Amino acid sequence: MAIEIERKFLVDGDYKALSASHTRIVQGYICSERGRTVRVRLRDERSYLTIKGPSLDGGLSRYEFEKEITRDEALSLLHLCEPGIIDKVRWLVPFGGHTFEVDEFFGENEGLVVAEVELQQADETFERPTFLGPEVTGERRYYNAQLRVRPYKLWNAEERRGKADVQEAK
């Protein structure tokens, strides 16, 4: 069983100059309820089906299963997805022995930029690049499955600042 451990941050600064590569991602959700998701992702020329379980520790870690599928399979499965497609460019930024995945969103989520760093252990320390802003780990509104339902364009100014005490859905 694979457990994904990651921390998530808003981005406040230049990350593109530090980037080693980037890729376009389009994804949809076949199922996204109670913290469980089944996702279809097209990432440049490769495609994936991913299943994630709910987090039991405030969003820091969760079970993840991923299988590469053909592009034709992914395009067919996109027709089964719930409304709302996520469109983003992922920038890979190596820094301090880790790789930060910086997602720059488009479409209904234009203007949102979020960085994630995957860790080996929940209490692992890491060096913070200067472009990291406030931490939003565990804040459900930043989950891609939630951005599909309530996109960034609908958020008010307080929600956009990453306040943990803002209600998840209004």
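Each reported figure results from applying straightforward, stated rules to the coordinates on display, with no laboratory input. Here the structure is a predicted model, which means the values were calculated and not measured. Neighbour counts are summed over all protein chains in view; Cβ atoms, including those assigned to glycine, are modelled from backbone coordinates with ideal geometry.
Expressed per residue, the C-alpha convex hull volume of the chain stands at 120 Å³. Between ARG43 and GLU66, the simple spin-label model (points 7 angstrom out along Cα→Cβ) gives 0.4 nm. A Förster distance of 41 Å, applied to the separation of the beta-carbon atoms of ALA157 and ALA20, puts the FRET efficiency at 0.80. Measuring spread by the Cα atoms of region 60-130 yields a radius of gyration and Dmax of 15.6, 41 Å.
Protection proxy ranking, highest mean first, for peptides 19-26, 89-96: 89-96, 19-26, where packing is the per-residue count of other beta-carbon atoms within 10 Å, averaged.
Projected onto its three principal axes, the C-alpha set of region 1-86 covers 37, 32, 26 Å, listed from the longest axis down.
What net charge is computed for the residues neighbouring VAL89, neighbours being all others with C-beta under 9 Å from the C-beta of VAL89, Lys and Arg scored +1, Asp and Glu -1?
Values: positive: ARG24, LYS88, ARG90; negative: ASP87, ASP103, GLU104.
Neighbourhood net charge equals 0.
Proximity of backbone amide H atoms, modeled 1.01 Å from N, is registered between ILE69 and SER47, TYR48, LEU49 at under 5 Å, excluding neighbours fewer than 5 places apart on the same chain.
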